[in-house]
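See below for the structure under consideration.
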């Protein structure tokens with residue numbers, strides 16, 4: 001009897017130790033990277049059951065706000081922080097490092113009843129649609145790019161993100177490069193003053209609107225378009241080629257960008273050079289503070305990030321993301337070494 005009691009007490013003690021050893025890593029931000037982050041966290045938890053994850057896919061703007069407030073360990077954004085945002089972080093909790101962890105594409109998706117082909121677009125045509133200058137699907141500017149396509153004389157319904165979004169930043173960053181009028185009138189940012197259109201929250205919201213509203217057009221992360229079977233177009237790139245978004249065409253854009261990225265790894269690869277580069281491609285970043293204040297959480301966060309930037313890269317093609325090019329990967333692993341607790345690197 002005593003033996004059974006001792007065994008029961010031991011089990012309770014072991015259970016208590018296991019619970020107390022749990023480490024929770026909080027992250028928030030990008031919906032663009034959410035499918036990949038979910039896969040990473042699930043796989044990492046299987047190997048390290050003592051590490052739990054809480055990731056809120058609230059959009060890049062929300063992730064940046066929570067990082068600035070210090071309520072998460074990892075802020076995820078599809079746009080690097082601008083100088084003003086970096087200054088706000090430094091004032092609140094000190095410097096940050098940008099760790100690009102995946103490359104992806106923003107697809108220009110549409111819903112035209114009765115038409116399931118792949119439409120061709122140029123950057124200026126996309127800009128004019130979202131400026132409200134091109135109003136119908138059979139506009140000569142669209143028809144001239146798609147001879148033989150039976151496009152209806154129906155109004156184009158524009159759908160865009162309503163929340164602060166890295167996908168928005170990628171999309172409008174591209175439009176600024178290909179349309180002077182867009183650059184002058186609208187500009188770029190995770191949120192902009194849209195000239196026209198319906199707003200929807202998150203990639204899920206935009207995809208849902210596209211599915212429900214006939215004759216609509218919008219922009220979504222490639223994986224959401226694929227998962228929801230929403231058609232998306234080929235975009236003319238800087239070399240004049242019409243390119244469909246794929247892992248390979250995003251990788252081509254990333255490889256060309258790897259030659260010119262700055263040391264802080266805040267860069268843009270929209271409208272990248274190269275005949276096979278998809279022009280609305282981007283990295284997505286995990287952003288962390290350099291000076292950490294909770295040793296246990298910081299240590300586990302850095303271990304997770306190191307795994308993401310190495311072994312975790314092998315999982316990306318299965319979810320239609322492109323891995324980080326090796327030269328950039330080497331640069332960010334060096335940046336990760338700067339993350340410290342009381343001056344001592346955690347890597």
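Every read-out reported here was derived from the displayed coordinates using simple, explicitly stated rules and does not represent laboratory data. None of these values were measured; they are calculated from a predicted model. Neighbour counts are summed over all protein chains in view; Cβ atoms, including those assigned to glycine, are modelled from backbone coordinates with ideal geometry.
Assuming 1.567 mPa s and 4 °C, estimate D for the chain with Stokes-Einstein, Rh taken as the Kirkwood radius over Cα pairs, in µm²/s.
61 µm²/s
How much length would be gained if the chain were fully extended between residue 149 and residue 50, taking 0.36 nm per residue of separation minus their Cα-Cα distance, in nm to one decimal?
This chain segment gains 30.1 nm when fully extended.
Of the beta bridges DSSP finds with both residues in the chain, what % are antiparallel, to the nearest 5?
Antiparallel bridges: around 60 percent, rounded to the nearest 5.
Expressed as an acute angle from 0 to 90° and rounded to the nearest 10, what is the orientation of the C-alpha long axis of helix 166-178 relative to the principal long axis of the chain?
The helix 166-178 is inclined about 40 degrees to the chain.
For the range 31-92, what does the alpha-carbon gyration tensor say about shape, rounded, prolate or oblate, given a ≥ b ≥ c as the root eigenvalues, a/c under 1.5 as rounded, and a/b over b/c as prolate? Walk me through the intermediate numbers first.
Working: a/c = 2.97, a/b = 1.88, b/c = 1.58.
Judged from the Cα gyration tensor, the range 31-92 comes out prolate (a/c at least 1.5, a/b above b/c).
Can you give me the angle between helix 2-20 and the longest principal axis of the chain, using Cα atoms only, in degrees from 0 to 90, rounded to the nearest 10?
The two axes meet at around 40 degrees.
Measuring from label point to label point, each 7 Å out along Cα→Cβ, what is the residue 180 to residue 333 span in nm?
4.6 nm
Ignoring everything except DSSP H segments at least 4 long, calculate the 222 nm mean residue ellipticity for the chain; use -39,500 (n - 2.57) per segment, divide by total residues, nearest 500.
The helix contribution divided over the chain gives -12000 deg cm²/dmol.
For each of 139, 184, count neighbouring Cβ atoms within 10 Å of the residue's Cβ, then give the residues from fewest to most.
Placing the least packed residue first, the sequence is 184, 139.
Want the number for residue 342 to residue 138: 0.36 nm per residue separation, take away the alpha-carbon distance, what's left?
67.2 nm
Roughly what angle does helix 34-47 make with the longest principal axis of the chain, taking Cα atoms, 0 to 90 degrees, to the nearest 10?
So the inclination is approximately 20 degrees.
So in the range 105-257, what percent of DSSP beta bridges are antiparallel if you round to the nearest 5?
Details: 11 of 18 bridges.
Approximately 60 percent, going by the DSSP bridge assignments.
Considering every pair of different Cα atoms, what Kirkwood radius, in Å, is found for the range 105-257?
15.5 Å
Just subtract the alpha-carbon distance of residue 198 and residue 264 from 0.36 nm times their residue separation and send over the number in nm, one decimal.
Using 0.36 nm per residue and subtracting the Cα-Cα distance, I get 20.2 nm.
For the pair residue 310 and residue 71, how long in nm is the line joining their label points, each one 7 Å along Cα→Cβ?
Modelled inter-label distance: 3.4 nm.
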